[in-house]
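Accompanying notes for the structure given below.
The values are calculated or read from the model by the stated rules, or taken from the named source; none is laboratory data. Just so it is clear, the model here is predicted, and its values are computed rather than measured. Quick reminder, even Gly has a Cβ in these numbers, built from the backbone with ideal geometry, and neighbours come from all protein chains shown. Each accessible area value is taken on the protein alone, full model and side chains, heavy atoms only, with ligands, DNA and RNA left out. Shrake-Rupley method; radii C 1.70, N 1.55, O 1.52, S 1.80 Å.
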Amino acid sequence: MSLVENLKWRYATKKFDASKKIAAETLEEIKTAIQLSASSYGLQLYKIIDVQDPELRKKLQAAAWGQSQIVDASQLFVFTTPTTLTAEHIEEFIQLTADTRGLDPAVLNDYSDFMKGALLKQTEEGAKSWMAKQTYIALGNLLAAAAELKVDACPMEGFDAAQFDEILGLEGWTTSVIATLGYRHEEDGLQHAAKVRKAKSVLFETK
Ligand SMILES: Cc1cc2nc3c(=O)[nH]c(=O)nc-3n(C[C@H](O)[C@H](O)[C@H](O)COP(=O)(O)O)c2cc1C
């Protein structure tokens, strides 16, 4: 099936079949799609926690409007970003680029200074919001990759980030968005509902 056909097949799953688990190789494919996501400057300033502990899941469900996906889905991915953007983040990326491409990091000094100049002048709130935006690009790839692999998913913002951070014991990191992945329950009525989307004539404009 084409990507568009698979995107028509997918829907934000409300009720997962808790007995169905995603196979390891399928999960690896989804992780690779996330890894390959574009990010501003390529910095990838996020980390994804694959929460598998059922007790943690139960606590997180209470901090996510009691939504059943949190405990029933095969996987719960929590996208987190650093609480503060620092020069070290940029320097780590420069080192990774140099190592990957066999370069002397010194040849990237101007680029490093350019990034630092552009990014470190942001307010803490501005930087937090900019880092969170990057996680949504990865989330989009997760949704598309899952659809291609016929894995169901639900992107979710219905949770309390401060409570998530505390339950997960995050230090120096904060939750931006989450996604549950697994297989739809046959009783999830929404799988039969027509997709509600604006017409392309409304969504697009030519100038
Ligand atoms: C960032 C984001 C947050 C969302 N949060 C939730 C959520 O907390 N719970 C939920 O059931 N659905 C959530 N959704 C699903 C949307 O309601 C759903 O994607 C939208 O209604 C379009 O329907 P479709 O994805 O089934 O095509 C979220 C979607 C996005 C993109």
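Against the numbered list (1) closer than 18 Å to Y183 by Cβ; (2) crowded, with 17+ Cβ neighbours inside 10 Å; (3) within 16 Å of the ligand (Cβ to nearest atom), I34 comes up short only at (1). For segment 111-129, filtering for residues that are under 15 Å from Q95 (Cα atoms) and charged (D, E, K, R) leaves 2. Would a scan of segment 49-57 turn up a residue that is of a type in the set (D, E, K, R) and not in a helix (DSSP H, G or I)? Yes, segment 49-57 contains at least one residue that is of a type in the set (D, E, K, R) and not in a helix (DSSP H, G or I). Those helices (runs of 4 or more DSSP H) of segment 60-141 in which 3 or more residues are open to solvent by 40 Å² or more (accessible area, probe 1.4 Å), without any contact (Cβ under 8 Å) to a residue 24 or more places away in the chain and closer than 29 Å to E25 by Cβ occupy 87-101. Between D160, D152, the distinction of being open to solvent by 50 Å² or more (accessible area, probe 1.4 Å) and within 14 Å of the ligand (Cβ to nearest atom) belongs to D160 only. Checking the structure you have, find out if any residue of segment 17-24 is under 17 Å from D165 (Cα atoms) and part of a loop (DSSP other than H, G, I, E, B). Within segment 17-24, none of the residues are under 17 Å from D165 (Cα atoms) and part of a loop (DSSP other than H, G, I, E, B). Residue pairs whose Cβ atoms lie under 6 Å apart, separated by 6 or more positions or on different chains, with the first residue in segment 148-162 and charged (D, E, K, R) and the second in a loop (DSSP other than H, G, I, E, B), are D152/T13; D152/Y183; D160/A63.
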